[in-house]
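The block underneath contains the structure these notes are about, expressed in structure tokens.
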Amino acid sequence: MNSVFISSLVRFLVLLIIQVLILKNINIYPPYVNVFIYPLFILLLPIKTPHWAVLLLGFLMGICVDMFYDSLGLHAAAGVLIAYARKFVSQLLEPRGGYEINDYPNKTDMGFTWFLQYSSILMAIFVLYVFILEEFSFLSIGIILFKSIIAFILSMIVILLHHFIFNPKN
């Protein structure tokens, strides 16, 4: 089997387990905000992964999280949204010489600033969409924005810690 496939499968399982066994139980109250790390699976797929495969994997990861959160497709929808947006964000941030065939969206291949911009844009889209779907009312825009900001900050801290611990080069 391909080493990229095996490492992606292991990352899928580890991030799913961390999300549903550890981070699901860490709730900041009030007003009930979660920390999300599982979108990191979609963010760290190789840049040249086919778009249809990223969409499918985003749905799969989201639906697996939905099974544990009892959220009826909320995480699947958010996973597909950032999988879809990933292509456009990576095009927006594409370096002058373009991407190499074996580039990964991490600080080692692309630089810390690039990774911070890439992950911040996609995580902001993700958390905002999750809380819009969760509240499902624009009357609660203050709560939606507050939850999104707190979840974004906490999730980005966890994602950056993960990235520096498991990808310490540079």
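The values are calculated or read from the model by the stated rules, or taken from the named source; none is laboratory data. Quick caveat: nothing in here was measured; it's all calculated off a predicted structure. Here the Cβ positions follow ideal geometry from the backbone for every residue, glycine too, while neighbour counts run over all protein chains shown.
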Residue pairs within 9 Å by beta carbon, gap of at least six or interchain, first lying in segment 135-155 and surrounded by 14 or more Cβ atoms within 10 Å (Cβ to Cβ), second polar (S, T, N, Q) and at pLDDT 90 or above, listed first then second, are F152/S120
From the option list I144, I101, single residue qualifying as aliphatic (A, V, I, L, M) and modelled with pLDDT of 80 or more is I144
### Task
Report yes if S120 is surrounded by 17 or more Cβ atoms within 10 Å (Cβ to Cβ) and small (G, A, S), otherwise no.
no
The residue from I18, I47 that alone is under 23 Å from F115 (Cα atoms), free of Cβ contacts under 8 Å to residues at least 60 places away in the same chain and touching an Asp or Glu at 6+ places or on another chain (Cβ under 6 Å) is I47
Residue hits (segment 33-73; more than 19 Å from H162 (Cβ to Cβ) and polar (S, T, N, Q)) are T49, S71
Scanning segment 33-87 for residues that are more than 16 Å from L128 (Cβ to Cβ) and among the aromatic types (F, W, Y), the one surrounded by the fewest Cβ atoms within 10 Å (Cβ to Cβ) turns out to be W52
